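The next block holds one structure in the form of structure tokens; read it before the comments.
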Amino acid sequence: MMDEETLYERLTPADFESRIRKAPIAYLPLGTLEWHGPHLPLGSDFLQSQGLFIQLARRVGGIVLPPLFLGPDSMREVEGVEYYGMDLSKQVLNPPKQLTGSAYWVSDQLFSVMVEAVLKQLRRAGFRIVVAHGHGPSTNHFVKNGDSLGEKLNLVIMTVWRRKEERKPSTEFQYDHAAANETSIMMALHPGLVHMENLPRDSKEPIGIIGKDPREHASATHGRRIIDIHLDRMESILREQLIKLA
């Protein structure tokens, strides 16, 4: 059903038990609360992955977790002030600038501790598969450490990204930063939250955007294509994993 409830926090214990019995899959949206240009909301990282996960859970089964909004990123301290992520992008690098609304950074070490604690609790609750995706550095952590964490906790851990050699940037899921790829996905999932009118009208490059210019290359149609590609891919992958676990 299209209105089937998939969000962990909205399920009763009976609903939770029913869903996890059918498909013990946890979907973990990886935040952040981070500047995504002047045209996208600060929660764009998890809004994209959560939107995909809700649709995927309605196809395959499983439960979508609340987003984890803290995450690792590049960081530099200048005169006692911490700058991270897009604060250090090429448009604002000299000097760096704290971009409005960004509030998410933790060290790689702390993020590792947090992730292991989350995964341990998910295994305790009965999940066997965890799909995590969202903020690039957070997702990369799962790409790098997923196999070892999975072996340690008896979980299958994956992201939505293909293997590196198979990636296609234009249709990969969340492959840029607030540029044509992410803007298109947001247009398809949350059109009311995208404000293209906030982007400069001249040729000036918008601050904190990495990738193809969304003013020229973003569209809801392209976003829907990206989503559908990965819904089909992940449905096939997850159904195969469920058969292996049966």
Subject >> In region 223-244, the residues that are without any contact (Cβ under 8 Å) to a residue 40 or more places away in the chain and of a type in the set (A, V, I, L, M) >> reply: I243
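Take the residues in region 148-165 that are part of a helix (DSSP H, G or I) and of a type in the set (A, V, I, L, M, F, W, C), then tell me which one is surrounded by the most Cβ atoms within 10 Å (Cβ to Cβ).
L149
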Original post:
Hey, does region 128-136 have a residue that's assigned to a helix (DSSP H, G or I) and in contact with a helix residue (DSSP H, G or I) (Cβ under 6 Å, 6 or more places away or on another chain)?
Top reply: no
**OP:** Can you confirm whether region 176-183 contains a residue that is closer than 21 Å to L99 by Cα, among the β-branched types (V, I, T) and either surrounded by 21 or more Cβ atoms within 10 Å (Cβ to Cβ) or within 17 Å of the chain's Cα centre (by Cα) (or both)?
**Re:** yes
**OP:** Count, please, the residues in region 198-222 that happen to be touching a residue at least 40 places away in the same chain (Cβ under 8 Å) and not in a loop (DSSP other than H, G, I, E, B).
**Re:** 4
Original post:
Looking only at residues in region 72-117 that are assigned to a helix (DSSP H, G or I) and acidic (D, E), which one is surrounded by the fewest Cβ atoms within 10 Å (Cβ to Cβ)?
Top reply: D108
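Every residue, every condition in (1) touching a Lys or Arg at 6+ places or on another chain (Cβ under 9 Å); (2) charged (D, E, K, R); (3) free of Cβ contacts under 8 Å to residues at least 40 places away in the same chain, yes or no:
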site: L40; (1), (2), (3): no, no, no
site: S44; (1), (2), (3): no, no, no
site: Q48; (1), (2), (3): no, no, no
site: F53; (1), (2), (3): no, no, no
site: G61; (1), (2), (3): yes, no, no
site: V64; (1), (2), (3): no, no, no
site: E82; (1), (2), (3): yes, yes, yes
site: Y104; (1), (2), (3): no, no, no
site: M114; (1), (2), (3): no, no, no
**OP:** Only residues that are exposed (fewer than 15 other Cβ atoms within 10 Å of the Cβ) and within 22 Å of the chain's Cα centre (by Cα): list them for region 8-24, please.
**Re:** E9, R10
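Quick one: would you say R215 is at pLDDT 95 or above, of a type outside the set (D, E) and farther than 27 Å from I157 by Cβ? If you could, list the steps in order and put the result at the bottom.
Details: at pLDDT 95 or above: yes; of a type outside the set (D, E): yes; farther than 27 Å from I157 by Cβ: yes.
Taking the combined requirement at face value, the residue satisfies it.
Of all residues in region 1-26, how many are part of a loop (DSSP other than H, G, I, E, B) and of a type in the set (S, T, N, Q)?
Of the residues in that region, 2 qualify.
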Original post:
Is it the case that region 48-61 has a residue that's under 27 Å from N198 (Cα atoms) and either among the aliphatic types (A, V, I, L, M) or in a loop (DSSP other than H, G, I, E, B) (or both)?
Top reply: yes
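The values are calculated or read from the model by the stated rules, or taken from the named source; none is laboratory data. Bear in mind that the values here come from a model prediction, so they are computed numbers and not experimental data. Note: ideal-geometry Cβ built from the backbone for every residue, glycine included; neighbour counts use all protein chains shown.
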